[in-house]
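The values are calculated or read from the model by the stated rules, or taken from the named source; none is laboratory data. Everything numeric in this text was worked out from a predicted model, so none of it was measured. In this analysis, Cβ positions are derived from the backbone assuming ideal geometry, glycine residues included, and neighbour counts consider all displayed protein chains.
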């Protein structure tokens, strides 16, 4: 199954994206989800097919969700991916003596 997909980014949460079939636009996305997502900002359009790979999503799951519910929500990665862990000796350098 191939699908021309429009991808929208959330103005509220960094790296949260909403995938919808271009032909349906946002018509199949529940109002509650749109309220939580914020005003969708169009990022780009993409042709999706089972052979394609996506950076952070399983293409088969995206296509399945588009077919069944009309949208796919890509959540941001967990926060700990952004935290840089420093060695203990560097963390203690400014401790009061």
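Before moving on, here are some points about what is shown:
- Filtering region 43-97 to residues that are under 16 Å from residue 15 (Cβ atoms), modelled with pLDDT of 60 or more and either in a loop (DSSP other than H, G, I, E, B) or out of contact with any strand residue (DSSP E or B) (no Cβ under 8 Å at 6 or more places or on another chain) (or both) leaves 54, 55, 56, 57, 75, 76, 77, 78, 79.
- Scope region 3-24; condition without any contact (Cβ under 8 Å) to a residue 60 or more places away in the chain and under 20 Å from residue 60 (Cα atoms); matching residues: 4, 6, 7, 8, 17, 18, 19, 20, 21, 22, 23, 24
- Counted residues, region 47-62 - those being within 14 Å of the chain's Cα centre (by Cα) and surrounded by 10 or more Cβ atoms within 10 Å (Cβ to Cβ): 7
- The set of residues in region 1-11 being in contact with a helix residue (DSSP H, G or I) (Cβ under 7 Å, 6 or more places away or on another chain) and surrounded by fewer than 12 Cβ atoms within 10 Å (Cβ to Cβ) consists of 1 alone.
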